[in-house]
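K.L.:
Take this structure, written in structure tokens, and hold onto it; I'll ask about it next.
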Amino acid sequence: MDDNLEALKYPIGRHQSPDTYDANKLNEWISVLEALPGWLDTCIENLDEAHLQTPYRPGGWTVQQVLHHIADSHMNMYIRLKFALTEDNPTIMPYDENKWALLYDVEATPVNISITLLHALHRRITAVLRNLKDEEWGRTYYHPDNKKTYTLWEMAALYAWHSRHHMEHVRQLRMRMGW
């Protein structure tokens, strides 16, 4: 892949899954999840419809699709978290994020609805994460598409990366476009 396209696609680099449980890193990841909705408020400030319909890279999603995707993805994260805490290694239901990004609600719903949803959702997510006992961080769920079992600490790392990854898509597009 062309280096420029790689940088546009992965503005903070590709996700690197942590090797081990690290309580200090957990606090950092949870803080990112707490901060994301506010970061997004700042990222979309004064954007108009033309801005929202601009893809963050050639062949990529529009700003509107990215913002609704974050809400879709993090709702799935919350459900996975709850299943992992209440069942033994549940198999989660994957979803086709590209198909979801093309559904009517993404086109018809203002982005502030998804960001408002993220404010509430991230309060719930971080309330759970901030109160997990050490042994609960090792609870797991199985992702059948990836054929991988994830611990809750790996999930926290992944979704903290995902938060920063997509926030940077929007922030860097604004910088490149001079918005």
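Read-outs throughout are calculated quantities, based only on the coordinates presented, and are distinct from any laboratory measurement. Everything quoted here is computed from the prediction, not taken from an experiment. For neighbour counting, all protein chains shown are included, and Cβ atoms are generated from backbone atoms with ideal geometry for every residue, glycine included.
K.L.:
Relative contact order for the chain: what percent, with Cα pairs under 8 Å and sequence separation of 6 or more?
P.N.:
Numbers: 172 pairs, mean separation 67.4, N = 179.
In percent, rounded to a whole number, it is 38.
K.L.:
So which lysines can residue 148 reach, going by Cα to Cα under 20 Å and dropping same-chain residues fewer than 8 places off?
P.N.:
Hits, sequence-local ones excluded: 82.
K.L.:
Whose amide H sits under 5 Å from the amide H of residue 140, counting only residues 5 or more places off or on another chain, with H placed in the peptide plane?
P.N.:
89
K.L.:
Sticking to Cα atoms, compute the Rg of segment 125-170 to one decimal and its Dmax as the biggest Cα-Cα distance, whole number, in Å.
P.N.:
Radius of gyration, then largest Cα-Cα span, for segment 125-170: 12.4, 36 Å.
K.L.:
Which of the helices in the chain meet the span-like rule: DSSP H, Cα axial reach of 30 Å or more, Kyte-Doolittle mean at least -0.5? Working shown, then result.
P.N.:
Working: long enough: 23-44 (32 Å, 0.35); 63-86 (35 Å, 0.17); 152-177 (37 Å, -0.64).
Qualifying helices: 23-44, 63-86.
K.L.:
With charges set only on the Cβ (+1 for Lys and Arg, -1 for Asp and Glu), what does the dipole of segment 84-165 come to about its Cα centre, in debye to the nearest 20? Please list the in-between numbers first.
P.N.:
Details: 9 positive and 11 negative charges, 53 e Å.
Roughly 260 debye, rounded to the nearest 20.
K.L.:
Highest mean first, what order results for 37-45, 91-99, 157-165 on Cβ atoms within 10 Å? Numbers along the way, then the final one.
P.N.:
Working: 37-45: 16.8, 91-99: 11.7, 157-165: 20.8.
Per-residue mean Cβ counts within 10 Å order the peptides as 157-165, 37-45, 91-99.
K.L.:
Another question about this same structure. Looking at the calculated P(r) for the chain, what percent of the C-alpha pair distances fall above 22 Å? Walk me through the intermediate numbers first.
P.N.:
On the way: 7422 of 15931 pairs.
Within the chain, distances greater than 22 Å cover 47 percent of Cα pairs.
K.L.:
Next question. Once the Cβ-Cβ distance between residue 75 and residue 4 is put in as r, and R0 is 22 Å, what FRET efficiency do you end up with, to the nearest 0.05?
P.N.:
Numbers: r = 32 Å, r/R0 = 1.47.
That gives a FRET efficiency of 0.10.
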